[in-house]
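Participant: Dropping a structure here in structure tokens format, bear with me for questions.
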Amino acid sequence: MEALTGIRWNAALRSCFPILSWLPRYNLTCVKMDVIAGVTVGLTAVPQALAYAEVAGLPVQYGLYSAFMGCFVYCIFGTSKDITLGPTAIMSLLCSAYIGGDPVFAVVLTLLCGVIQAGMALLRLGFLLDFISYPVIKGFTCAAAVTIGFGQVKNILGLKEIPQQFFLQVYYTFHKIPEARVGDVILGLCCLFFLIMMTLMKNTLGSAEDEAPSLVRSARGLVWSIATIRNALVVVAATAVAYSSEVTGHHFFSLTGKTAKGLPPFKAPPLSETIANGTVITFSDIAKDLGGGLAVIPLMGVLESIAIAKAFGSQNNYRIDANQELFAIGLTNIMGSFVSAYPVTGSFGRTAVNSQTGVRTPAGGIVTGVIVLLSLAFLMPLFFFIPKASLAAVIICAVSPMMDFRVPVQLWRVKRLDLVPFLVTFLVSFWEVQYGIVGGVAVSALMLLYIMARPKVKVSDHGVAVLELDSGLNFPVTEHLSRLVYTHALHGEKHTRTHAFIPSAHVLECSCSGVCRLAASPPRCLVLDCSHVSTIDFTVVHELNELLKQFQMTGLSLIFAGLKPSVFKVLLMADLPVFRHTDSVDEALQLLTSIIHYDQQFSQPITD
């Protein structure tokens, strides 16, 4: 008994602290691979963090403040060896819509997001993510890619005073093209060209066969490594060019400018703010201003991270715990608020780099976190000279893969109706990204409700009407079911649409969702084929009770066929006036034949 209790405690501890599952097996080989992966990801994370802070509308150091806490927290609580947590393009774009460039609002948003996400994990509410469909996700990510990418064109051109709203941004960017700075344009285009070439080379080498001489393989490995850290290389090179220009007295480039020195202080997140005119903005005021962001940002952060973790878990043959991932992200954001971070989530690009460089455990994140901290401690003065055009090039190349033109084509081929939530999300996101997500989810929900309320029904004519239901019977379907029964059995009205005459022995599959009316003259008995029905609720039972009374009054019979045990139990307890049921439609037809020919024999209600 004590041994069993010990095993349960051990399993519970490993579930809460996944580090206990891999730490006992950690060895020198794991150390080597994790260090290589951690350094590679770190060299990618630093320039991306600086760039994404620009997208969020915050000073660049806040990108680095957000980039290291997840590395340490996830190592202890995460269940994926590949994923890296930190600032991403999508989260930065979402945050910019709510924080208005105010660091205090950003930190409070981080704290509240963490509390919400951790609370969802403890309450096992991860299933809520299932209500965000794939078309909505892809519509949002495609729109985000366009919004973020075009938002950096102003930095490539060296333009100033461009509005944040997308449509105004497009107008004023083109309107101010004559004011473009030649230095920024040349540097930005050179950075873009280098990044694109390195990306193409890496993709080509990744698909090349390994059967080559060792010298060739070594050269490929070197080029692949350079391509992997291309973001760091382009930022360092551009900074060197800008620094040389500045010290010689030539101001050719728009620079990042002054940044805070050193590590962020570890302190409780500010819960209020005093603005320049002395007005105090309280915590409740901040929470009200954040509004819908307290729903959109936590959900999108969790959705993005878990989707990435599942994808790489499937690719590398391991499983993740979704609720544990939810808790790890929530705790990362809570702890991040103590170091002035803005909300973070899993990064697809950095996770791909982590996986491709052969990371063995989440400990690789510790190395990445150390590199970010070293950058904060010693390199912040140099960040003053980073050209904005180089960071813009990094962002444009990072988000361009998110614009997947194959998605609308795939949706058209598979299910054209799914284009509706995709297009709603995509188009509305150009107005406000949060409204795009909400609009897409609302359209998806309405489509789902319509399918529930109007299930497909196969209508067959065997001298008696047979309705084969293909889904559960829940309250939205009540009116539709009642109309079908009256149309095909009780009223005996003629068919009014495409089927002008239907021989009584024929079988018709009707997809008119009850709009057309199958000829049933005179009124006749009915068989409800419930073999595909697994659920039923009180509203439907009440309606069935009324329908059975109508059949009884007209001297007709309604028989249930193929009831599942759960549905049969509910109907049996409902005390229906005449409850006839059979195991199959054929048996129901035989029973109805007996009723029709020997009506007197079945004058009393039959309950099986």
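The values are calculated or read from the model by the stated rules, or taken from the named source; none is laboratory data. Because the structure is predicted, anything quoted here is derived from the model rather than measured. Neighbour counts run over all protein chains shown; Cβ positions are idealised from the backbone, glycine included. Protein only, heavy atoms only, side chains kept; ligands, DNA and RNA dropped before computing areas. Shrake-Rupley method; radii C 1.70, N 1.55, O 1.52, S 1.80 Å.
Participant: Residue by residue through the range 81-110, note down the ones that are open to solvent by less than 30 Å² (accessible area, probe 1.4 Å), within 26 Å of Ile19 (Cα to Cα) and either outside any loop (DSSP other than H, G, I, E, B) or out of contact with any strand residue (DSSP E or B) (no Cβ under 9 Å at 6 or more places or on another chain) (or both).
Facilitator: Asp82, Leu85, Gly86, Thr110, listed by residue number.
Participant: How many of the residues making up the range 272-301 are under 30 Å from Asp130 (Cβ atoms), part of a loop (DSSP other than H, G, I, E, B) and open to solvent by 40 Å² or more (accessible area, probe 1.4 Å)?
Facilitator: So the answer is 1.
Participant: Here is a follow-up. Just to be sure, is Ala311 in a helix (DSSP H, G or I), at pLDDT below 85, farther than 30 Å from Gly158 by Cβ and of a type in the set (A, V, I, L, M)? Outline the logic, then answer.
Facilitator: On the way: in a helix (DSSP H, G or I): yes; at pLDDT below 85: yes; farther than 30 Å from Gly158 by Cβ: yes; of a type in the set (A, V, I, L, M): yes.
Yes, satisfied.
Participant: So, one more: Just wondering, is there one or more residues in the range 8-28 that are more than 22 Å from Gln324 (Cβ to Cβ) and either open to solvent by less than 50 Å² (accessible area, probe 1.4 Å) or in contact (Cβ under 8 Å) with a residue 12 or more places away in the chain (or both)?
Facilitator: Step one: filter the range 8-28 for residues more than 22 Å from Gln324 (Cβ to Cβ), giving 27-28.
This time we only want the ones that are either open to solvent by less than 50 Å² (accessible area, probe 1.4 Å) or in contact (Cβ under 8 Å) with a residue 12 or more places away in the chain (or both), so: none.
No, there is no match, as no residue in the range 8-28 is more than 22 Å from Gln324 (Cβ to Cβ) and either open to solvent by less than 50 Å² (accessible area, probe 1.4 Å) or in contact (Cβ under 8 Å) with a residue 12 or more places away in the chain (or both).
Participant: If you don't mind, there's one more thing I want to ask. From the list Ser390, Ser429, which residue is over 26 Å from the mean Cα position of the chain (by Cα) and modelled with pLDDT of 85 or more? So that I can check it myself, show each step before the final result.
Facilitator: Details: Ser429 fails: over 26 Å from the mean Cα position of the chain (by Cα).
Just one listed residue meets the conditions, Ser390.
Participant: Are any residues in the range 548-591 of a type in the set (A, V, I, L, M), more than 18 Å from Val464 (Cα to Cα) and open to solvent by 80 Å² or more (accessible area, probe 1.4 Å), and if so, which ones?
Facilitator: Matches in the range 548-591: Leu572, Met573.
Participant: Can you tell me which of (1) touching a residue at least 24 places away in the same chain (Cβ under 8 Å); (2) within 25 Å of Gly293 (Cβ to Cβ); (3) among the charged types (D, E, K, R); (4) open to solvent by 40 Å² or more (accessible area, probe 1.4 Å) is the one Asp130 doesn't meet?
Facilitator: The number of the failed condition is (1).
Participant: Go over the candidates Ala328, Ala311, Ala322 one by one and state the one that is under 22 Å from the mean Cα position of the chain (by Cα), without any contact (Cβ under 8 Å) to a residue 24 or more places away in the chain and within 30 Å of Lys81 (Cα to Cα). Spell out how you get there, then give the answer.
Facilitator: Details: Ala328 fails: without any contact (Cβ under 8 Å) to a residue 24 or more places away in the chain; Ala322 fails: without any contact (Cβ under 8 Å) to a residue 24 or more places away in the chain.
After ruling out the rest, the residue left standing is Ala311.
Participant: Within the group Ala144, Ala118, which residue is among the hydrophobic types (A, V, I, L, M, F, W, C) and modelled with pLDDT under 90? Working first, answer last.
Facilitator: Numbers: Ala118 fails: modelled with pLDDT under 90.
One residue alone meets the criteria, Ala144.
Participant: Can you pull out every residue in the range 54-76 that is open to solvent by less than 30 Å² (accessible area, probe 1.4 Å) and in a helix (DSSP H, G or I)?
Facilitator: Restricting attention to the range 54-76, the residues satisfying the condition of being open to solvent by less than 30 Å² (accessible area, probe 1.4 Å) are 55-56, 58, 60-61, 63-71, 73-75.
Within the range 54-76, Val55, Ala56, Gln61, Gly63, Leu64, Tyr65, Met69, Gly70, Cys71, Val73, Tyr74, Cys75 qualify.
Participant: If you don't mind, another one. Name the pairs whose Cβ atoms lie under 6 Å apart, with the first residue in the range 451-464 and closer than 11 Å to His480 by Cβ and touching a residue at least 60 places away in the same chain (Cβ under 8 Å), the second open to solvent by 10 Å² or more (accessible area, probe 1.4 Å) and not in a strand (DSSP E or B), and 6 or more positions between them or separate chains?
Facilitator: Arg454/Ser513
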